[in-house]
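I have placed the structure first, in the form of structure tokens, so that the comments after it can refer back to it.
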Amino acid sequence: MLAEREKLGKKDLAIVRVEQLSPFPFASVIKQLNLYKNAEITWSQEEHKNAGPWSFIEPRLRSSLKSISHKSREVSYAGRDFSASTATGYSAQHAHELKTLLAEAMK
């Protein structure tokens with residue numbers, strides 16, 4: 001994501017990594033959200049929507065947003081769609097999914 005942001009020359013896009021998922025670091029996340037009070041919030045992950053942490057993270061991010069005076073109250077998702085398998089098995093499809101993920105994350 002960092003390389004894609006640089007490639008596109010995006011100066012108005014912050015990328016914040018959440019390294020610890022459990023216990024959820026509410027204080028650290030809220031501190032970061034307060035730095036970007038007018039930002040749209042997007043969770044991005046390379047894993048499929050049903051395989052990565054999205055379902056765990058989404059309600060916690062919404063709760064964090066509601067606890068502060070933030071412009072956004074919802075969190076959007078940029079990542080791969082639901083899938084029964086961990087990978088497509090086709091490099092072209094994998095590359096297409098990654099390209100789509102990055103485009104959605106860079107909006």
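Can you name the residue in region 17-63 that is β-branched (V, I, T) and in contact with a strand residue (DSSP E or B) (Cβ under 9 Å, 6 or more places away or on another chain) and is also surrounded by the fewest Cβ atoms within 10 Å (Cβ to Cβ) among such residues? Checked region 17-63; the qualifying residue surrounded by the fewest Cβ atoms within 10 Å (Cβ to Cβ) is V18. Restricting attention to region 83-106 and to residues that are among the hydrophobic types (A, V, I, L, M, F, W, C) and not in a helix (DSSP H, G or I), the residue that is surrounded by the fewest Cβ atoms within 10 Å (Cβ to Cβ) turns out to be A84. On inspection, K11 fails the criterion of being surrounded by 11 or more Cβ atoms within 10 Å (Cβ to Cβ) and charged (D, E, K, R). Here is the figure for region 64-78: residues that are farther than 12 Å from A27 by Cα and either under 14 Å from the mean Cα position of the chain (by Cα) or exposed (fewer than 14 other Cβ atoms within 10 Å of the Cβ) (or both) total 9.
Based on what the data block shows, is H70 farther than 16 Å from M1 by Cβ, in a helix (DSSP H, G or I) and either among the aromatic types (F, W, Y) or at pLDDT below 95 (or both)?
Values: farther than 16 Å from M1 by Cβ: yes; in a helix (DSSP H, G or I): no; either among the aromatic types (F, W, Y) or at pLDDT below 95 (or both): yes.
Against the criterion (farther than 16 Å from M1 by Cβ, in a helix (DSSP H, G or I) and either among the aromatic types (F, W, Y) or at pLDDT below 95 (or both)), H70 does not qualify.
Determine, yes or no, whether K99 is at pLDDT 90 or above and among the basic types (K, R). Yes, satisfied. For region 7-19, does any single residue satisfy the condition of being closer than 20 Å to A95 by Cα and either among the hydrophobic types (A, V, I, L, M, F, W, C) or in contact with a Phe, Trp or Tyr (Cβ under 8 Å, 6 or more places away or on another chain) (or both)? Looking through region 7-19, at least one residue is closer than 20 Å to A95 by Cα and either among the hydrophobic types (A, V, I, L, M, F, W, C) or in contact with a Phe, Trp or Tyr (Cβ under 8 Å, 6 or more places away or on another chain) (or both).
Does region 73-84 contain any residue that is touching a Leu at 6+ places or on another chain (Cβ under 9 Å) and among the basic types (K, R)? Lay out the reasoning, then the answer.
First, the residues of region 73-84 that are touching a Leu at 6+ places or on another chain (Cβ under 9 Å): 73-75, 78-80.
Cutting the leftovers down to among the basic types (K, R) gives us 73, 80.
Looking through region 73-84, at least one residue is touching a Leu at 6+ places or on another chain (Cβ under 9 Å) and among the basic types (K, R).
Within region 6-20, residues that are under 16 Å from K37 (Cα atoms) have Cβ atoms under 9 Å from residues that are exposed (fewer than 12 other Cβ atoms within 10 Å of the Cβ) in these pairs: L13/K107; A14/L35; I15/L2; V16/L35, counting only partners at least 6 apart in sequence or on another chain.
The values are calculated or read from the model by the stated rules, or taken from the named source; none is laboratory data. These figures come from a predicted structure and were not determined experimentally. FYI the Cβ positions are ideal-geometry reconstructions off the backbone, even for glycines, and counts take in every protein chain you see.
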